[in-house]
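Peer 1: My structure is below; once you've seen it, I'll send some questions.
None of the figures in this text is laboratory data; all of them are computed from the coordinates on show. These numbers were taken from a predicted model, which means no experiment stands behind them.
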Amino acid sequence: MSDTATEVRSESGHEKEPGRGWSFLDMVLAVVLGGIAGVIAILLFRLGAALAHAHFTRIQTLAIASTLLYAGIALGVWLLVVRRRRVGWGALGLRPVSPAYGLLALGAFVALEIVNVIVAYGMTAALGQFKNPQVAQITAGGRISESDFVWLLIMVAVVAPIVEETVFRGMFYRYLRARTGIVVAVLLSAAVFAAAHGLPILLPLLFTTGIALAIVAQVSDSIIPSMIVHGLNNGLFTLILYASLHAAR
């Protein structure tokens with residue numbers, strides 16, 4: 001990985017290492033204010049749906065609301081980091097890669113699933129059988145129709161990976177890497193990624209996932225391969241959830 005591949009040019013024309021073009025406060029404001037914008041968008045959507053007497057299923061409403069929240073956060077990153085600091089999306093890792101990194105993403109996805117199976121087995125041995133709280137959050141004990149599955153898949157496997165990788169591996173990981181080094185940045189960004197999901201029982205699985213995604217982003221010097229791995233991982237979860245609910249009929 002060449003030094004020039006990891007450099008961006010500031011407004012003054014001087015080259016900077018990615019991650020040094022924005023501050024910790026920039027990141028906090030981008031997520032918090034972007035999240036507030038997303039919540040406002042959700043409220044407007046609910047108001048508009050009520051006034052128009054539009055009907056959405058619970059899962060469709062969840063998918064739309066989540067997408068609006070993610071869109072607000074993405075807007076916050078664009079306004080407060082990319083635009084305000086004039087660093088460019090490439091500084092956050094949104095840069096094209098060679099097709100070879102597509103194979104890297106597929107290999108990393110397979111390796112991640114193997115590791116997650118091992119971690120889940122260890123958690124079961126230590127804690128006994130446990131339920132993934134995300135299942136209850138999504139289904140509320142009900143079924144998932146085919147149309148609901150499509151809505152859910154788009155949000156979980158496309159929208160969420162794009163925005164989460166931009167925030168955690170693009171903005172946060174690169175910020176840490178420029179100040180602490182690769183190992184600390186990988187571990188700390190993975191820990192924050194796991195904690196941000198607010199699901200204590202899943203912390204070990206989310207932590208190992210965060211490590212894998214950070215390594216992929218580091219090796220490829222791009223967050224596009226980590227988006228692919230993240231999307232495949234989430235898509236597999238959604239597919240298994242849909243299949244298991246229908247098999248239980």
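Peer 1: After finding the eigenvalues of the alpha carbon gyration tensor for the chain, what semi-axes result from the square roots of 5 times each, listed largest first in whole Å?
Peer 2: Three semi-axes, in Å: 31, 24, 16.
Peer 1: Output the DSSP H helices from the chain with an along-axis C-alpha extent of no less than 27 Å and a mean Kyte-Doolittle hydropathy no less than 1.0.
Peer 2: 24-51, 58-77, 100-127, 224-247
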